[in-house]
Amino acid sequence: MKRASLTATCLINHYNYGAFIGDAVEGALRQSRPFDEIVVVDDGSRPADIERVRAACADPRVRLIEKPNGGQLSCFNVGYARTRADVVFFLDADDFWDPGYLDAVLGVYERRPDVGFVAAAHRILHKDGRVVEQSRPDRDLGYSVVRCHRRPHWVGAPTSCLSIRREILERFLPFEAFVGWRTCADECLVIGASLAGARKYELGSPHVNYRVHGGNAWHGRGNVPSEVLWRRLEGMRMCELLRRRLGLPDDLAACAHWEFRTVRDPRSSDYREYCKVVADSDLGWGSKLKARLDLWMTYRFGHKRERA
């Protein structure tokens, strides 16, 4: 029996990116497989930019939501609550998609009903005209509940590369922890989806155009110590809040080697991360030794990994 087609929402968050919003909306409208909904959430932009976003959203297929300024995470919360599709695609207003993006990603979800989160590769467009393309093989990233349980661990991609099934999003959105997430709220989506139990998949073909234009909210800011400190503290706080919300126990390290088996073709960085999870856990030394041995056997020989 043929599986029913999934519905899809494009959710664009916008704040003072009036020079770029037209390309973002146009890219969503010209998908080879049309979106069921295109929603733009404006986060209290200045007058000149709000006029541009209104003009970009003049097409009847686009719905504009205007709200007071509250930051990027608040845009995700409001937009998610006002949409109904099976899969939500997130887009920053200064980026745009190739026409085949939606079709390629929905194809993954329709072939793999167990996948709840897709992170697509992207190309970086520099303001001097340089293009850096990040292409790689498709990869099943498995589950990452244990990996992200005690501290944030990035198993994903920037906002414009992310799509998540509604059944996963409804487990952690709305997330009312705005402090620290006025920007970089893609971390809330990435970590939230991990803790909510999403099986993740990486689409290696770059269909996403990520702009570096000098006015990016985060890209290019460098490692300012105070910003890195507070970002990490907020990440740890987010994990704690989400863990309580989702009813997860205090220690999941005993499941680390089982989760590792769900990762297809794990890299050395994946292996080291799971070893660290075990080492930092409250397991007894005997249990730690057994878990480390199982991780090594899985990484070295691969014969114990979960079969599709």
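A few points about this structure:
- Heavy-atom surface of the chain, accessible at 1.4 Å and reported per residue (Å²): 46
- Nearest-ten-degree value, helix 47-56 long axis tilted from longest Cα axis of the chain: 90
- Candidates Ser205, Ser160, Ser269: whichever shows maximal mean-square fluctuation once the chain is modelled as a Gaussian network with Cα springs under 10 Å: Ser269
- With at most 13 other Cβ atoms within 10 Å, longest stretch of the chain clear of loop GluC sites (Glu not before Pro) (DSSP): 1-169
- Alpha-carbon centroid distance for the pair the stretch 94-169 / the stretch 1-66, whole angstrom: 19
- With R₀ set to 22 Å, the beta-carbon distance separating Glu227 from Arg272 gives a calculated FRET efficiency near 0.25.
- Environment charge of Leu73, counting only residues whose C-beta is closer than 12 Å and scoring Lys/Arg +1, Asp/Glu -1: -4
- Shape class for the stretch 36-89, computed from the alpha carbon gyration tensor (a ≥ b ≥ c): oblate, with a/c not under 1.5 and a/b at or below b/c.
- Taking N as its residue count, the alpha carbon Rg of the chain over 2.2 N^0.38 Å: 1.02
- Normalised by residue count, the stretch 93-146 yields a Cα convex hull volume of 131 Å³ per residue.
- Among residues other than Phe172 with Cβ under 15 Å from its Cβ, the summed charge is +2 (Lys and Arg +1, Asp and Glu -1).
- Computed over the chain with a Gaussian network model linking Cα atoms closer than 10 Å, the most mobile of Asp251, Asp43, Asp128 is Asp128.
- Whole-percent carbon and sulfur share, accessible surface of the stretch 224-308, 1.4 Å: 59
- Degrees, to the nearest 10: 225-246 long Cα axis against longest axis of the chain: 70
- Neighbour cut-off at most 12 other Cβ (10 Å), DSSP loop, trypsin sites (Lys or Arg not before Pro), the stretch 78-120: Arg84
- Positive-end residue of Val212, Leu29, Ser281, charge dipole of the chain with Cβ unit charges: Ser281
- Accessible area of the stretch 69-186 belonging to carbon and sulfur atoms, whole % at 1.4 Å probe: 53
- In degrees, nearest ten, helix 268-279 long axis to first principal axis of the chain (Cα): 60
- Rg ratio (alpha-carbon, reference 2.2 N^0.38 Å) - the stretch 114-169: 1.39
- Choice from Val208, Val25, Val228 with maximal GNM fluctuation in the chain (Cα, 10 Å cutoff): Val228
The values are calculated or read from the model by the stated rules, or taken from the named source; none is laboratory data. In this text the structure is predicted, and so the values were computed from the model without any measurement. We place every Cβ from the backbone using ideal geometry, glycine too, and count neighbours over all the protein chains shown. Keep in mind that these areas ignore ligands, DNA and RNA; they rest on the heavy atoms of the full protein, side chains included. Shrake-Rupley method; radii C 1.70, N 1.55, O 1.52, S 1.80 Å.
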